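Everything on this sheet refers to the single structure shown next.
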Amino acid sequence: MPGTVSLRNDGREPVEFTAISALANFGALPSRGRIAPGAVAELQVGVREAVEAEPGLVSTNLTLTFGGGKEPLRIPVGAEIKALG
């Protein structure tokens, strides 16, 4: 963490997207936007704020929804929580 997800619009129309995480502290920046035809959007995926959890692996899905009735895209996201000290 953090990682990058690239979204490319190969269509002829702009595409609106929204990124939603199943886990509150994880997400993507930007979390919503518009991709012009032929353009690429870079999303930074990572922890948005401090996480209070037991040390170990944490995983969730980042779901990208698109306008125009397109199917959502689910991307597995994971991180390793390490103890301080």
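The values are calculated or read from the model by the stated rules, or taken from the named source; none is laboratory data. Only a predicted model underlies this, so the values are computations on that prediction, with no experimental measurement involved. Reconstructed Cβ throughout: ideal geometry from the backbone, glycine too, with neighbour counts over all protein chains shown. Ligands, DNA and RNA are stripped out before the accessible areas are found, and what is left, the full protein with its side chains, is counted by its heavy atoms. Shrake-Rupley method; radii C 1.70, N 1.55, O 1.52, S 1.80 Å.
Below, the figures for the structure above:
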| quantity | calculated |
| --- | --- |
| Residues of the stretch 3-20 that turn out to be under 12 Å from the mean Cα position of the chain (by Cα) and loosely packed, with under 12 Cβ neighbours inside 10 Å, as a count | 2 |
| Strands (runs of 3 or more DSSP E) (entirely within the stretch 3-64) containing at least 1 residues that are of a type in the set (Asp, Glu) | 15-21, 40-47 |
| Neighbours by Cβ (under 6 Å, 6+ apart or cross-chain): first from the stretch 21-44, over 13 Å from VAL77 (Cβ atoms) and among the hydrophobic types (A, V, I, L, M, F, W, C); second open to solvent by 20 Å² or more (accessible area, probe 1.4 Å) and assigned to a loop (DSSP other than H, G, I, E, B) | ALA36/PRO14 |
| Sole residue being open to solvent by 80 Å² or more (accessible area, probe 1.4 Å) and of a type in the set (A, V, I, L, M, F, W, C), chosen from LEU23, LEU84 | LEU84 |
| Selection from the stretch 24-67 of residues that are among the aromatic types (Phe, Trp, Tyr) and modelled with pLDDT of 80 or more | PHE66 |
